[in-house]
1. So if I check each of F25, F59, F40, which one is surrounded by 13 or more Cβ atoms within 10 Å (Cβ to Cβ), among the aromatic types (F, W, Y) and at pLDDT 95 or above?
2. Would you mention how many residues in the range 35-66 are among the basic types (K, R) and closer than 20 Å to F116 by Cβ?
3. For the range 83-103, indicate whether the set of residues that are charged (D, E, K, R), surrounded by 14 or more Cβ atoms within 10 Å (Cβ to Cβ), closer than 19 Å to S30 by Cα and over 9 Å from the mean Cα position of the chain (by Cα) is non-empty.
4. Based on this model, can you work out whether I44 counts as farther than 21 Å from L26 by Cα, out of contact with any Cys (no Cβ under 7 Å at 6 or more places or on another chain) and part of a helix (DSSP H, G or I)?
5. Within the range 56-83, how many residues are assigned to a helix (DSSP H, G or I) and touching a residue at least 40 places away in the same chain (Cβ under 8 Å)?
Amino acid sequence: MRYITPRKAAQGLGSAHSGTQDHWFLTVSSCALVLLVPAFMLVIGKAIGLPHPELVAYFGRPYPALITALFIVVGMVHFIKGTRIMIDDYFQYTARKVAIIVSVVFSWAVIAAAVFALAKMTLVTIAI
């Protein structure tokens with residue numbers, strides 16, 4: 001007994017109409033994170049222990065700033081999709097809506113703060 005119609009099977013849509021797209025998005029973003037995490041760890045590893053002026057100069061350079069920004073943005077967008085799926089599975093009614101809003105606002109706030117900090121360090125480095 002099949003629970004999916006032939007039309008939905010051909011379109012790749014399940015009952016939620018977005019499960020396949022969510023799965024592919026999470027697969028692609030996790031593959032990107034597989035490459036970004038080691039690069040980010042190297043960037044952070046080199047930054048540990050630097051005095052403040054050298055740290056600002058280090059993250060003012062393009063490679064560390066770009067790797068950090070990509071890691072934060074891709075990681076937090078991956079987090080948004082993953083928490084959305086988890087919230088849809090375990091919460092109902094108003095709690096679901098509130099949890100989704102909180103997770104999305106939190107994620108975009110982290111992205112904004114990280115990009116702002118990196119931009120500020122880059123501008124300080126340029127001004128020096």
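1. None of the other options fit; the residue is F40.
2. 1
3. yes
4. Answer is yes for this residue.
5. Qualifying residue count, the range 56-83: 15.
The values are calculated or read from the model by the stated rules, or taken from the named source; none is laboratory data. Being a predicted model, the structure only gives us computed values, none of them experimental. Positions of Cβ are backbone-derived with ideal geometry, glycine not excepted, and every protein chain shown enters the neighbour counts.
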